[in-house]
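Encoded as structure tokens, the structure appears first; notes follow it.
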Ligand code: NAP
């Protein structure tokens, strides 16, 4: 299927590794010009080099997307993207009794307010140009909260509620906003939350009996960002090998 986005420009936040990198690879394969961001230069350089085999323009920006400076740098390099993928590291696990106001503000800044501010910066240009695709990488925890990831559960559901409203106002201008909810993926983040790796019983809880791969996120994001997906907005798409039990 031709996704119809060859030559478009995408700004991919937090995309030197893991799920963000999976999205970068999938969009580059479709001929999309990319600006990718992350805090660490080394991995960004390596990923940009890997992406260079696709005949598109690849730029990278070093910066923390959860800060005003990081967002400014990303937007300076890519002020008018056709596609925006919002992503950032997830908050640490823990017990809510240990989290003070600052811990909550940090989580809200990273996983709720940063994506909203990125959308605010680019969405009106998308509306004016009559093409925009925004995908927020959130978490399966939005539908099926994980007790020890309370900061993530709280911040990401806040983002989801906001997007539910906004996405209905932009779609008539061919500008969609969707949320992708990963289950358990084989990335550094997973090893951060589960340093020993997933146990046999963790894997047994996943009907597919394995972790997901970043490519399995990337390909779906590429479709959501395609010309073909104009009728899809405001959705919460779970990609988890069947882990989340539920009808919606
Ligand atoms: P990952 O493999 O650790 O990769 C994270 C990427 O984001 C790296 O490129 C990292 O580079 C960059 N990054 C992190 N914080 C950043 C920041 N503040 N500003 C700019 N770039 C930043 O993680 P992942 O598994 O892809 O996870 C991505 C998101 O999906 C996280 O929010 C995670 O909580 C969520 N998620 C993951 C899973 C899973 O199973 N993996 C499941 C559900 C939800 P630098 O460190 O150099 O900045």
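Read-outs throughout are calculated quantities, based only on the coordinates presented, and are distinct from any laboratory measurement. In this text the structure is predicted, and so the values were computed from the model without any measurement. Cβ sites come from the backbone with ideal geometry, for glycine too, and all protein chains shown count toward neighbours.
Okay, here's what the table says:
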read-out	value
Difference of contour (0.36 nm per residue) and Cα-Cα distance, residue 191 to residue 164	6.6 nm
Using alpha-carbon coordinates, inclination of helix 150-170 to the longest axis of the chain, degrees	30 degrees
GNM top mover of 115, 195, 147 - the chain, alpha-carbon springs below 10 Å	195
Sum of -39500 (n - 2.57) over DSSP H runs of 4+, divided by residues of the chain (222 nm, nearest 500)	-12000 deg cm²/dmol
Principal axis dimensions, region 106-248 - Cα atoms, whole angstrom, descending	50, 33, 28
Label-point separation, residue 45 to residue 72 (7 Å along Cα→Cβ), nm	2.6 nm
Kirkwood Rh in Å, taken over all unlike Cα pairs in region 1-106	14.5 Å
Gain in span if fully extended, residue 98 to residue 2, counting 0.36 nm per residue against the direct Cα distance	29.6 nm
Potential extension, residue 204-residue 62 segment - 0.36 nm per residue separation minus Cα distance	47.3 nm
Helix 68-77 axis, angle to the chain major axis (alpha carbon atoms, nearest 10°)	30 degrees
Cα-based helix-to-principal-axis angle, 214-224 vs the chain, degrees rounded to 10	50 degrees
Two-site label geometry, residue 244 and residue 228: point separation in nm, points 7 Å out along Cα→Cβ	2.2 nm
